[in-house]
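Sharing a structure here in structure tokens format.
Here, each number is a calculation from the coordinates, and none is a lab measurement. This structure is a prediction, so every number in the text was calculated from the model and none was measured. Backbone-built Cβ (ideal geometry, glycine too); neighbour counts: all protein chains shown.
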Amino acid sequence: MTQILTHTPLWVFGLFFGLVYLGYLQSRTRQVSRGRLIVLPLAMLAWSLYSVWSTFDAHLTALAAWACAWVAVVVIGLAWVPSRRVAYDVSTAQFTVPGSWMPLALMMGIFFFRYAVAVVQAVTPGILDTAPAAVVVAATYGVFSGLFMARALRLSGLLKSWQAAPRNA
């Protein structure tokens, strides 16, 4: 384990602490604009897709597994009955979002899974070169980012609130 940690680039530790801090911020009730509400899920989606791309290049099976898992999780997540906890204030054009530790858990899931995949590739080159490995790894990334997006979209009927909110805000 020491060998693995000593060969980990320093920026990875910075990323870890940055994600922990970002997750902590998400645990507090806050007011955010429409754009900021979707930024973090889009960033996690991009990171997840980049992880698939950097691990498997343009491997069609991996990209398809990621996309199928992402879409399935988002669709299932949107089918859940949304809570009524998010409020939109027309006068400030802000959403009041209750704090949750779920974003931190999902960010850590993506981070540690990505780290584990990188370690496995470094220790045993070629182990992920099979189609089943590509499907499992890529689908796992898709599940994580799909959960993140579904959570953001179903926060208290976000889509309904978004449609009711004025567009110039």
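Assuming 0.36 nm per residue, please report the length gained on full extension of the stretch Leu60 to Thr29 beyond their Cα-Cα distance.
7.1 nm
Taking only DSSP H segments of four or more residues, each worth -39500 (n - 2.57), what value at 222 nm results for the chain once the sum is divided by all its residues, to the nearest 500 deg cm²/dmol?
Using -39500 (n - 2.57) per qualifying helix, the result is -23500 deg cm²/dmol.
Applying the Karplus parametrisation 6.51 cos²θ - 1.76 cosθ + 1.60 with θ = phi - 60° to the phi angles of segment 66-78, what ³J(HN,Hα) value in whole Hz is obtained for each residue in order, glycine and proline being reported as x?
4, 4, 5, 5, 4, 4, 4, 5, 5, 4, 5, x, 6
Above 20 Å lies some portion of the pair distances; for the chain, what is it as a whole percent of all C-alpha pairs?
It works out to 56 percent of all Cα pairs.
Cα centroids of segment 116-147 and segment 12-59: how far apart, whole angstrom?
19
Then there's this: Suppose R0 equals 22 Å; then what is the FRET efficiency for Asp89 and Tyr21 from their Cβ-Cβ distance, rounded to the nearest 0.05?
0.25
Collect residues whose amide H, placed 1.01 Å from N in the peptide plane, falls under 5 Å from the amide H of Arg30; neighbours closer than 5 in sequence don't count.
Excluding prolines and chain starts, which carry no amide H, the hits are Val97, Gly99.
Let's test the formula: R0 of 22 Å, r as the Cβ-Cβ distance of Val39 and Tyr115. What FRET efficiency results, to the nearest 0.05? Spell out each step's value before the answer.
Numbers: r = 23 Å, r/R0 = 1.06.
Efficiency at R0 = 22 Å is approximately 0.40.
Which whole-Hz ³J(HN,Hα) couplings does segment 7-24 yield from phi under the Karplus relation 6.51 cos²θ - 1.76 cosθ + 1.60, θ = phi - 60°, glycine and proline marked x?
With coefficients 6.51, -1.76 and 1.60, one gets 8, 7, x, 4, 4, 5, 5, x, 4, 4, 5, x, 5, 4, 5, 4, x, 4 Hz.
Name the most mobile residue of Phe144, Phe17, Phe95, meaning the one with the largest mean-square fluctuation, in a Gaussian network model of the chain with Cα contacts below 10 Å.
Looking only at Phe144, Phe17, Phe95, the biggest GNM fluctuation is shown by Phe17.
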